[in-house]
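A short worksheet on the structure shown next.
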Amino acid sequence: MPKHPLDPLSVDEVRKASQLLLQELSLPPMCIRFKVVDLAEPSKDEVLAHLQRGNRVPDRKARIYYHQKNSKVLTKSILNVSSGILETTEELPDVQGPVDWVEYDLVTKACNKHPAVLAEIAKLKVPPSARILNDPWAYGTDDPFERRRLFQCYMYLALNDDEEANHYSTPLPLAPIFDAHTMELVDLQRLPLGVGDELDTETQPWTPVEPVEYSANILGTEALRKDMKPLHIIQPEGPSFQIDDRTVLWQKWQFQLGWSLREGPVLHDVRYGERSLFYRVSMSEMTVPYGDPRTPYHRKQAFDLGDSGFGLTSNSLALGCDCLGHIAYFDGVRVSATGDPVLMPNVVCMHEVDDGIGWKHTNFRNGRSSVVRDRKLVIQCTSTVANYEYILAFVLDQAANLHIEVRATGILSTMPIRPDLSVSPWGTVVAPGVLAVNHQHLFCVRIDPILDGERNNTVVRDDCLPVRGNPNLDPFGCAFRVKTTPITKPGGYDLDLSSGLTIDIKHAVGTLSVMNSIFH
C-alpha cells in the first residue's frame, strides 16, 4: 500500500483498475483501447486534512481514459481502487485522447505499406537499398467539426542500413493522412518544395543528397574528439539526500515525488524546514508552433504533453551519460492498450551537483574571503517525442529556491526543399534539400502554492519604474521604485524588459509591507 495519498499508482493498482473497469463494463480487453490509467488525485482538502490533522487516508482512485472500439469515442472513468467501485463514466465525443505506442506503431506500418503510398514512392526512384520511414503527427484539423482521429505522416529516407541512420537529413515530399481508428488512408498530400505553396504537377524523381549523420556507429571513431580526459564525480560518504519510498529529504527540503503519464515528475507537498511552500508543482503542457503557412505545414503544431505525455515518452535513464554521480532512480508505470501494467524503469534520476560558487565576499580591508560552494539537488527526466528530446529538471538549492529547467535537444523536424534553394522565408536551409522551419517552444508550468499555509496566497507583478517626482528632491532624475500590482484574474503578462517585470507569489500577513510578507 502506498505510504502517501499522492503516490502514483503501483503496478498492482493499474492492473486492478483496468480489470475492474472491464468487469464493470462487461467487455473483453479486445473491445477497449486503454490510453491512460493514472492516479485520480484526491482533493486538496482531503489530502491536507490527512497530512495535517490525521484524518482518514483518502481512497485510492484511478483516472482511466480509453476508446471503446465500437463507438470510437474517448471515454473517461473514475474508478475507486480501494473499494472496487466504478464511480463515474463520461463520454468525450469532442476530445481526442493521447497517442499510445501500439497506435503509433500501427499508423507507421499502415503508411509504409499502403499501395497508394508505395506508388508515390516508386515515382521518386529512390535507391533500392534505402529504407522508408515516417513520423506520424497528431493532426491539427482544418475543420472545427472534424471528429476523426487523424495523423499526418511526414516521410523520410534512410540511406544507411544502420538503425541509427539520420532520416531527418533526407525528408521526402509526401505526407499521407491516416485515420487511426480505421487505418484508412484519408489523403495523400504532396509537399511544396519552393518558397510558395505551389506543387509539382507530378511527383518528381528524388534528387540524391548526402545524408548528415550523428551516430558514432556510422561516423566511426575518427570523427570523435580525442582530447577529453576522464572526469569522475565521487561522493565517498554517499549522497546528502534521504529517501523513504517516494519521500525525499535534502538540505532542509522535503517533498513527495509523484509521477503522471502526462506530466512526468510531479513535486507534491514541498517544504523547506518547518515551512510549507508548494502543494503541487509540475509541467502541465507545452506547444511547438511552426511558422510555415503553406499547406499542410499550417497545421503542424505539437502539444507534446496532451498529445503524447512527458511521462509516457520518458527514457529509461542510464548512469554515466544521463546522470553523473551518486544517483537515485525512480520508476514509472504505464498501461498497455489492452490494460496490462507496464513498468517503466529509471524514468526519473535524482542526484546532487556542485554548481560553482554559491556565495562569496572578500573583506577588502584585509583581503580575507568567505566563500561557500553551491550544492544543488536535481530531479530530472528526459522525454523523447519523435525528433525532439526534452530534459525536464526540478533543481533545488540551499537558499530555498526551486528552479525549473527545460532543455530541448534531439534533432530538428525537417521538411524537403529543392536542392538548388539555399534560403527560405519560412526557416533555415540546414543542408541541401533540407529545410528546418522556424518554430518556438512554449512551456506551461502548473504551480499550486501554499506559502506558510493555504490562506493569503496571492500573485502580484513587480515593475521597476522611474519616479517622475519633485525636481528639488531629485534634480538628476536617478530615482526609481518598484510598483507592486495584484493580479486578480487570469490573463497574459508578457515579458517587459523596460520595467524588469517579475511575477511573485506572495503570502501576505497583515499589511503589504515586505517585513510582513513572504515572497517566492
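Bear in mind that the values in this text are calculations on the coordinates, not laboratory data. No experiment lies behind these values; they were computed from the predicted model shown. Heads up, the Cβs are rebuilt from the backbone with ideal geometry, glycines too, and the neighbour counts pull from every protein chain shown.
At 10 °C and 1.306 mPa s, what whole-number value in µm²/s does Stokes-Einstein give for the translational diffusion of the stretch 242-454, with Rh from the Kirkwood sum over Cα pairs?
So the translational diffusion coefficient is about 80 µm²/s.
Using the Cα centre of the stretch 174-298 as the reference point, and only Cβ charges (+1 on K/R, -1 on D/E), how large is the resulting charge dipole? Debye, rounded to the nearest 20.
Using Cβ point charges on Lys, Arg, Asp and Glu, the stretch 174-298 gives about 920 debye.
Can you list residues from other chains, or at least 5 along the same chain, whose modelled amide H is less than 5 Å from the amide H of Val434?
The answer is Ile417.
Which value, in debye to the nearest 20, gives the size of the charge dipole of the chain about its Cα centre, when Lys and Arg are +1 and Asp and Glu are -1 at the Cβ?
So the magnitude is around 1240 debye.
Taking Cβ-Cβ under 4.7 Å as the only way to count a partner, pick out the unpartnered cysteines of the chain.
Taking the Cβ cut-off of 4.7 Å, the unpaired cysteines of the chain are Cys31, Cys321, Cys381, Cys444, Cys464, Cys478.
Taking +1 at the Cβ of each Lys and Arg and -1 at the Cβ of each Asp and Glu, which of Gly264, Gln204, Thr170 sits farthest along the dipole of the chain towards its positive end, judged by Cα position relative to the Cα centre?
Gly264
Pairs of alpha-carbon atoms within less than 8 angstrom and 6+ residues apart define the contacts here; what relative contact order does the chain have, in percent?
Details: 1046 pairs, mean separation 59.2, N = 520.
Relative contact order comes out at 11 percent.
Go ahead and estimate [θ] at 222 nm for the chain from helices alone: -39,500 (n - 2.57) per DSSP H run with n ≥ 4, summed, over the residue count, rounded to 500.
One gets -3000 deg cm²/dmol as the mean residue ellipticity at 222 nm.
Local charge sum around Lys44 (other residues, Cβ-Cβ under 10 Å, Lys/Arg +1, Asp/Glu -1)?
-4
Run down the aspartates and glutamates and flag those whose C-alpha is under 16 Å from the C-alpha of Lys72, throwing out any fewer than 8 positions away in its chain.
Result set, ordered by chain and number: Glu90, Glu91, Asp94, Asp100, Glu103, Glu146, Asp179, Glu184.
Ignoring the sites themselves, what is the longest stretch of the chain with no GluC sites (Glu not before Pro) in a DSSP loop and at most 14 other beta-carbon atoms within 10 Å?
The answer is 275-520.
When Lys and Arg each count +1 and Asp and Glu each count -1, what net charge do the other residues less than 15 Å away from Arg53, Cβ to Cβ, add up to? Please report the intermediate quantities before stating the final value.
Values: positive: Lys44, Arg56; negative: Asp45, Glu46, Asp269, Glu454.
Computed value for this residue: -2.
Any of Lys61/Lys376; Lys109/Lys300; Lys35/Lys300 with alpha carbons more than 28 Å apart? Name them for me. Present the calculation step by step, with values, prior to reporting the outcome.
Working: Lys61/Lys376 34 Å; Lys109/Lys300 21 Å; Lys35/Lys300 23 Å.
Distance filter (> 28 Å) returns Lys61/Lys376.
Within 11 Å, Cβ to Cβ, of Pro289, how many net charges do the neighbouring residues add up to if Lys/Arg are +1 and Asp/Glu are -1?
+1
Over its Cα atoms, what ratio of radius of gyration to 2.2 N^0.38 Å does the chain give?
Scaled against compact globular proteins, the figure is 1.14.
Under 18 Å Cα to Cα from Lys489, which lysines show up? Leave out anything in the same chain fewer than 8 places away.
Cα-Cα hits under 18 Å: Lys506.
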